[in-house]
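Each remark here refers to the structure printed beneath this line.
Please treat every number below as a calculation from the coordinates, not as lab data. What you see is a predicted model; the values in this text were computed from it and never measured. Glycine gets a Cβ as well: all are built from the backbone with ideal geometry, and neighbour counts include every protein chain shown.
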Amino acid sequence: MTIATLFAAVVRAKPITGFIVEDDPDRPQLARSIGLLHLTMMGVGATIGTGIFVALTTAVPEAGPAVTLSFVIAGITAALTALCYAELASAVPVAGSSYSYAYATLGELPAFLIGACLLLEYGVSCSAIAVGWGQYLNELLAITTGWHIPDALARPPGNGGVVNLPAILLIGMCLILLLRGAKESATANTVLVFAKLAVLALFVGIAIAHFSAANFHPFAPKGMVGIGTAASSIFFSYIGIDAVSTAGEEVENPRRNLPLAIILSLLIVTAAYILVSIAAIGAQPWTAFAGQEAGLAVILHNLTGAAWPAVLLALGAMASIFSVTLVVLYGQTRILYAMSRDGLLPKLFQRVDGRRGVPRQNSYIVAAGVALLAAVFPLDVLVNLTSMGTLIAFAAVSIGVILLRRSRPDLPRGYRVPLFPILPIVSAGFCAYLIVGLPADTYALFAVWIAAACVIYFGYSIHRSALA
């Protein structure tokens, strides 16, 4: 292969018509069975979880009470990106999310690397989320029975344990739901989302009753550096936007429902994050958050002196993290499905169960990989890697909006980003700002991941691409 043909291969883009005409009557397809309510709840379900129930214990020590501003910064970045996602999702309503959008606008190699970022984002974030589930399970057991799972079996190596069995159990339960079908999974997620929103409302009500303005002084003890660092580390909690767009081929009326669900879910999530963070800091000095596992449940227990509020919150957190894990696992299987259908990954990942309409073998492989990560990796390493993958994928979507407007201005769109091209440019800039705030070891691990992706692409995918 000459340099000229190699360059032509890595920059070849998939025509928009190639996404629209994917139906093959001889092959089982993903079924369109998800409505607007379920889709919006998928966005909320994939997002509210770790950001509030787990990550406050690491974000508050980094920024102090000013972590509320960190959530605002991360929320603004997510909002800008959400508008870009809404346009691309309405224009290219297929599975694959940022990967598919990049394939249509940036070319094959960039799309493959974006796909690798998405797999990192979904696989690693799901593992980080599952780690947090075990913390709340132990808190619930300690309050109700006085017993807890031994650290060796409830924590990953590096965090005082050997293997995280609760995380493996959680992923196994989610796998069972995923194999039953997309509609069944979306319905279960909707129930879980309403439960966790009710529990968060309970927390805010009790915490506000014990609110102390003194806990907000000093407001920014770590300065702007701390605020930016915290914003970078908690940004992974906004991956729900991406999860909505992975359902592009299973949504009813996708050109209308995809952009609506993306925007609605972001509004709900951002409001919940800011309210809960303000209430939590008002109820407890910021210095008490460091190392406080199952933090919100502990705060309620300390405030009331009773067990029932903490029990309810621990149950709500477990339901919340369950729904996040479920939707994120779902999203990862659909990204692999899209990459496999394009020939960039083995055909195993695109096989669909004819009766249930789900990628069965794909789901087993994803669940096994995520369970392994959750069982043996510490939470802080996972969180920062997730943020890196998320931000790069988000930046690619912002750039993709500009490129697709230039190349296909005639393409039907259910939604258009306002203030074009200023808003997509600002969105990409915010993503770059948060990427800069990530620690050096995250860059090193991410470089290894991208290098491995390049080896797979040039060794396998470039030769088997459907566009070859």
Practice task
Provide the per-residue ³J(HN,Hα) series for the stretch 191-200, in order, calculated from phi with Karplus coefficients 6.51, -1.76, 1.60 and θ = phi - 60°, each as a whole number of Hz, with x at glycine and proline positions.
Solution key: 4, 5, 5, 4, 5, 6, 5, 5, 5, 5
Practice task
Check each of the chymotrypsin sites (Phe, Trp or Tyr not before Pro) in the stretch 76-177 and keep only those in coil by DSSP with at most 10 other C-beta atoms within 10 angstrom; list them in order.
Solution key: Trp147
Completion exercise
Taking Cα pairs closer than 8 Å and at least 6 residues apart, the relative contact order of the chain in percent is 33 percent
Problem - Helix 67-91 axis, angle to the chain major axis (alpha carbon atoms, nearest 10°) - result: 30 degrees
Exercise for the section: Place a +1 charge on the Cβ of each Lys and Arg in the stretch 33-464 and a -1 charge on the Cβ of each Asp and Glu, then give the dipole magnitude about the Cα centre in debye, rounded to the nearest 20. Expected result: 960 debye
Exercise for the section: Once you have the Kirkwood Rh of the chain from its Cα pairs, apply Stokes-Einstein at 37 °C and 0.692 mPa s and quote D in µm²/s. Expected result: 148 µm²/s
Handout entry: Linear extension gain, Ala201 paired with Ile422, 0.36 nm per residue minus alpha-carbon span
Key = 75.9 nm
Exercise for the section: Please work out the Kirkwood hydrodynamic radius for the stretch 37-107, using every pair of different C-alpha atoms, and report it in angstroms with one decimal place. Expected result: 14.4 Å
Exercise for the section: State the extension gain, in nm to one decimal, for the chain segment bounded by Phe7 and Arg408, taking 0.36 nm per residue of separation less the distance between their alpha-carbons. Expected result: 142.1 nm
Exercise for the section: Distance between Cα centroids, the stretch 92-139 to the stretch 434-468: provide it in whole Å. Expected result: 13 Å
Handout entry: Helix 295-304 axis, angle to the chain major axis (alpha carbon atoms, nearest 10°)
Key = 30 degrees
Handout entry: Length released on extending from Val448 to Ile208, taking residue separation times 0.36 nm less the Cα-Cα span
Key = 81.9 nm
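Can you put Val162, Val193, Val417 in order of Cβ neighbours within 10 angstrom, beginning with the fewest? Display every interim value, and only then the final one.
Values: Val162 15, Val193 28, Val417 22.
With the sparsest Cβ surroundings first, the list reads Val162, Val417, Val193.
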Exercise for the section: Tell me which residues come under 5 Å, amide H to amide H, from Leu344 once H is placed; ignore anything under 5 positions away on its chain. Expected result: Ala466
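Please rank Trp286, Trp449, Trp308, fewest neighbouring Cβ atoms within 10 Å first, as an exposure proxy.
Numbers: Trp286 22, Trp449 19, Trp308 11.
Going from sparsest to densest Cβ surroundings: Trp308, Trp449, Trp286.
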Practice task
Counting helices only, and only those DSSP H runs with n ≥ 4, report the 222 nm mean residue ellipticity of the chain as the sum of -39,500 (n - 2.57) divided by its residues, in deg cm²/dmol to the nearest 500.
Solution key: -23500 deg cm²/dmol
Completion exercise
So the angle from the long Cα axis of helix 360-376 to the longest Cα principal axis of the chain, reported in degrees to the nearest 10, equals 40 degrees
Exercise for the section: Mind listing the long-range amide H neighbours of Val358? Cut-off is under 5 Å, sequence gap 5 or more, other chains count too, H placed in the peptide plane at 1.01 Å from N. Expected result: Asp353
Completion exercise
For the stretch 445-458, in residue order, the Karplus 3J(HN,Hα) values (coefficients 6.51, -1.76, 1.60; θ = phi - 60°; whole Hz; Gly and Pro = x) are 5, 5, 4, 4, 4, 5, 4, 5, 4, 5, 4, 5, 5, 6
Problem - Alpha carbon centroid spacing (whole Å) that separates the stretch 177-242 from the stretch 59-85 - result: 11 Å
